[in-house]
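So the structure is just underneath, and the comments pick up after that.
The values are calculated or read from the model by the stated rules, or taken from the named source; none is laboratory data. Remember, it's a predicted structure, so these values are computed and weren't measured experimentally. All Cβ positions, glycine included, derive from the backbone under ideal geometry; neighbour counts span all protein chains shown. Please note that ligands, DNA and RNA were not included when accessible areas were found on the heavy atoms of the full protein model with its side chains. Shrake-Rupley method; radii C 1.70, N 1.55, O 1.52, S 1.80 Å.
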Amino acid sequence: MTLLLLLTLLVTLLAAGALLSDISFWQRTSLKPALRIGAPVVYRQQEVSTCPTADARDVHPAERGEYYYYTVINYLRVAEVMADGRIIAVARNNKRLCFWPNDSGLRKARLTERLIYRPRFPRFGDNSSASR
């Protein structure tokens with residue numbers, strides 16, 4: 001009985017808070033959380049060339065076979081978040097890339113990716129990354 005009363009009270013408080021705020025509870029849960037500096041991100045990029053790279057995935061030849069279509073996955077780390085929302089990410093070779101947060105190829109790294117591919121993400125604090 002007490003548990004039911006507490007559950008009813010919790011639902012009532014959440015509904016009252018959603019009505020009083022500018023953004024409803026359901027809209028708040030659907031908003032994408034902002035990426036923080038140092039967060040590992042993955043960028044999936046489509047490429048076309050005559051010779052796929054060693055890290056190419058989903059390789060498909062063109063209709064006549066003169067080109068290959070493939071996907072390359074870049075493991076990056078967020079270096080800066082701009083005031084307009086753009087994200088500056090750094091690759092292992094210290095190359096800086098700029099993305100909009102709603103880019104379909106950009107996403108946060110999953111837990112399994114962070115554990116398995118840990119060496120592929122650039123590290124902050126290394127002498128090599130501090131030189132740039």
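Numbers below:
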item: Selection within segment 84-111 - under 13 Å from Leu35 (Cα atoms), of a type outside the set (D, E, K, R) and part of a loop (DSSP other than H, G, I, E, B); result: Gly85, Trp100, Pro101, Asn102, Ala109
item: Search result, residues across segment 68-100 that are farther than 12 Å from Tyr43 by Cβ and touching an Asp or Glu at 6+ places or on another chain (Cβ under 7 Å); result: Tyr70, Ile88
item: Which listed residue, of Ala79, Ala34, Ala54, is modelled with pLDDT of 90 or more and closer than 30 Å to Pro119 by Cα; result: Ala79
item: Matching option when the condition is farther than 14 Å from Ile37 by Cβ, open to solvent by 40 Å² or more (accessible area, probe 1.4 Å) and touching a residue at least 60 places away in the same chain (Cβ under 8 Å), among Arg120, Arg114; result: Arg114
